Amino acid sequence: MRKHLPKLVTLIVAAGTSGWLFASGFDARGLPVVDHKAWRQECASCHTAFHPGLLPERSWRKLMDGLDRHFGENASLDAASRKAITDFLAANAADRLDARRARKIAASIPAGTVPLRISESPWFVRKHDELSAAVWQHKSIGSRANCGACHPGADQGGFSEHDIRIPR
């Protein structure tokens, strides 16, 4: 019995950890599942509600400070909504999350730089470097900002390479 005790303890710990990860909403693909009503309502009304773990806090703050000129559009919000969404984005940003993918994204961005487009982060560029310009121009993709075209779980932070479905 004693010789099997370490294996039994390891099995119990692994089962408990798996249950905790499942119950906590952690996504095994690298980013935790996060949600915020105002963020989803406001951001997703025009584009994908991009997972906050895809950019560092400084990028989200700059984006939210410039909503009156948000990529050529006026996406201004009332002060309370802007603060609530900014706080949510900041708390779940790549450099604040304790998640493997978020740490990789944050580490790829040089200190002092403030990317405003996820598609300009070194992590994104490296992960998508094998795609030709023709893929991005496919009518069902349209742009690098349309994550959900190839990543069905993008709206929940799911970007596993095993789940990619590139439209033909």
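What follows is calculated from the coordinates using simple rules that are stated; it is not laboratory data. Fair warning: this is a prediction, and the values are worked out from it, not measured in the lab. As a convention, Cβ positions derive from the backbone with ideal geometry for all residues, glycine included, and neighbour counts pool all protein chains shown.
Note on segment 94-164: Kirkwood hydrodynamic radius from all Cα pairs is 13.2 Å, rounded to one decimal. Spacing of the modelled spin labels on residue 129 and residue 162, each 7 Å from Cα toward Cβ, amounts to 2.5 nm.
Summarising the amide proton neighbourhood of residue 70: residues at separation of 5 or more, or on other chains, whose placed amide H is nearer than 5 Å comprise 75.
Packing around the peptides 137-149, 54-66, taken as the average count of other Cβ atoms within 10 Å per residue, puts them in this order, highest first: 54-66, 137-149.
Note: segment 29-149, Cα convex hull, 114 Å³ per residue.
By the count of neighbouring beta-carbon atoms within 10 Å, fewest first, 88, 71 end up ordered 71, 88.
With label points built 7 Å along Cα→Cβ from the Cα atoms of residue 100 and residue 145, find their separation and express it in nm. Result for the modelled spin labels: 3.1 nm.
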